Every structure is written in structure tokens, then in C-alpha cells.
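Structure first, commentary second.
Quick note: the coordinates plus some simple rules give every number you see, no bench work behind them. Please read all numbers here as calculations on a predicted model, not as lab measurements. Neighbour counts run over all protein chains shown; Cβ positions are idealised from the backbone, glycine included.
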Amino acid sequence: MVRHGETSWNKERRVQGGDSDIGLNETGFEQARKLGAFLKKENIIAIHASPMQRAIATAEAIANHHRLPVEVDQELREIGVGELEGMSLPSLSTTFSQFLMQWWQQREVGESPDGETLVELQQRAWKVVEGLVRTHEASHGHNDRTAVVVVSHFFVTLAIILKALDLPPDCFTKFRVDLGGVSILEFNDYGTRLLTFNDTSY
């Protein structure tokens, strides 16, 4: 699981959901380049990405080292945030203070105005993961050491990890996924384990 590199909206601290297709900035492309070098020795057999260009560009930087195509999956797009899209964090805290209190203090996974809930996001993203695991097992067995890379977004990464660990969605406030952060989930006969979380050491 890889979160995409930095965009101008990340730098400007704007809400960046699944409706604005903002590309990587200079820092983001450098992060992607370093990611590619960091993962080049891994035994990667497939690379999947969100349809957002920030995720695709990050995935391509990894794929270049493995001569693999980037498979784009619509269900890996970032959570829909509706009216919050593009808002700066200061204006968000003023305009939607009650909504933010619900999310961050009460930890209730509610829907943003005209957006989607974390549960809805988790349902669509987890279907992708289940499909990838089934395909991988069918062609490589259950306990081999090959890897599939999924490049997506903050909430997509968290939603998948929480589901894999059987944690409720409202635990999302307990975790942080940085830009370019690498997390590793292992699926085997004994279940699912989180081996690495949010590695940006490269």
C-alpha cells in the first residue's frame, strides 16, 4: 500500500478528495522517484493504482523499475468529500466546524456534505483487495514472497488497513499515513498481518 506523492493542494493544505484530479508537484515527483528506487528490489508482480493522476504518476515511477503496466481501478479513488473539495483547512474549520468535531472528537464516521462515508469507501476498496488476493493466490499460491503494489490515497489506505486488521472504521483517527508512505500487508494461511506501516525512511 503506497500513498501518492505531494501535490500543490497538499502543500496548500486543501481538502483533496476523489473529485479533483490534481497532479504531482515537483516535490511529489521527487518522492515518486525515490519510491521507485526504494522498491526496485522487491519481487513485485503487479501494480494497481487509483485513476487520479497523482496516484498514477506515483505508480508509474515504481512500475518503471519492474517493466510492469499500471493497472487502473476506479474503486481505488479517494473518498468523495462533496462540498469540502478544494477548501483550505482554515476555511474548513470555520465553515464546517460541527462536522469536523463529529469526525475528530466523537470519531463518528459520518458523511461529508454531498460526499460518502468511510464505510462506503471501505466497501468498494476492499472488493479490489479481495480480488487481487484471489488472483494472486490462483497464479502464485498462498504463501509465496511476491508482492502486489496498490497506489492510492490517505483514506483508501487507512480503510483497507483497518479492514485487514478487523478494526472498526472509526479507528481512522488513531493512524497517520504520510505522502509517499509505504505500508505492507501480508496475506497467508494464518490470516492477515501488518508488517510495515507508513514507511518514509527512503
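Structural remarks
- Residue selected from the range 158-202 under the condition assigned to a loop (DSSP other than H, G, I, E, B) and in contact with an Asp or Glu (Cβ under 7 Å, 6 or more places away or on another chain), by the criterion surrounded by the fewest Cβ atoms within 10 Å (Cβ to Cβ): Thr200
- Taken as a whole, the structure places Leu76 among residues that are under 17 Å from the mean Cα position of the chain (by Cα) and in contact (Cβ under 8 Å) with a residue 60 or more places away in the chain.
- Residue that is nearest to Ala125 (Cα to Cα), among those in the range 140-157 that are in contact with an Asp or Glu (Cβ under 8 Å, 6 or more places away or on another chain) and small (Gly, Ala, Ser): Ser152
Conditions tested, residue by residue: (1) within 14 Å of the chain's Cα centre (by Cα); (2) under 25 Å from Ala125 (Cα atoms); (3) of a type outside the set (D, E, K, R); (4) buried (at least 18 other Cβ atoms within 10 Å of the Cβ).
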{"residue": "Met1", "(1), (2), (3), (4)": "yes, yes, yes, yes"}
{"residue": "His4", "(1), (2), (3), (4)": "yes, yes, yes, yes"}
{"residue": "Thr7", "(1), (2), (3), (4)": "no, yes, yes, yes"}
{"residue": "Gly17", "(1), (2), (3), (4)": "yes, yes, yes, yes"}
{"residue": "Leu35", "(1), (2), (3), (4)": "no, yes, yes, yes"}
{"residue": "Lys41", "(1), (2), (3), (4)": "no, no, no, no"}
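- Counting only residues that are over 14 Å from the mean Cα position of the chain (by Cα), small (Gly, Ala, Ser) and surrounded by 15 or more Cβ atoms within 10 Å (Cβ to Cβ), the range 129-157 holds 1 of them.
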